[in-house]
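The values are calculated or read from the model by the stated rules, or taken from the named source; none is laboratory data. What you are looking at is a predicted structure, and each value in this text was computed from that prediction instead of being measured. Cβ: placed from backbone, ideal geometry, glycine included. Neighbour counts: every protein chain shown.
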Amino acid sequence: MILVCRDSFVISVRDLKGEKIAAAPGTNPYFFHLSALRNAGLQKGDVDIIPLDHENGRVALVKQKVDGWAAVDPYCAYEAKLYPTPFV
């Protein structure tokens, strides 16, 4: 799941082109993110992947330091409960 800021213009994976995405390299959400990019016709180099662990990725999204976050439970469930956040 890729979460984006509530006020983000991003409504599809294609909209992530050129944006900063927090992801923990080597994790399932990271590989899901890469797969989602490929399925949308994008490549890894089309986005700026910011290597952050899950908790710091969540914090970066909340503080709007990144445009998206390759999320994992329980962090994404917690985030969605506190701050209804769109996902793509």
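Annotations
- Residues that are among the charged types (D, E, K, R) and either under 17 Å from residue 51 (Cβ atoms) or in contact (Cβ under 8 Å) with a residue 12 or more places away in the chain (or both) within segment 1-27 comprise 6, 14, 15, 17, 19, 20, listed in sequence order.
- All positions within segment 27-58 that are assigned to a strand (DSSP E or B) and not β-branched (Val, Ile, Thr): 48, 51
- Among the residues making up segment 47-57, those that are exposed (fewer than 15 other Cβ atoms within 10 Å of the Cβ) and modelled with pLDDT of 95 or more are 48, 51.
- Inside segment 1-26, residues that are in contact with a strand residue (DSSP E or B) (Cβ under 8 Å, 6 or more places away or on another chain) and either loosely packed, with under 15 Cβ neighbours inside 10 Å or in a helix (DSSP H, G or I) (or both) make up a count of 4.
- Among the residues making up segment 28-55, those that are free of Cβ contacts under 8 Å to residues at least 40 places away in the same chain and touching a strand residue (DSSP E or B) at 6+ places or on another chain (Cβ under 6 Å) are 33, 47, 48, 49, 50, 52.
- Within segment 56-77, no residue that is under 15 Å from residue 25 (Cβ atoms) sits with its Cβ atom under 6 Å from a residue that is aromatic (Phe, Trp, Tyr) and in a loop (DSSP other than H, G, I, E, B) at 6+ positions apart or across chains.
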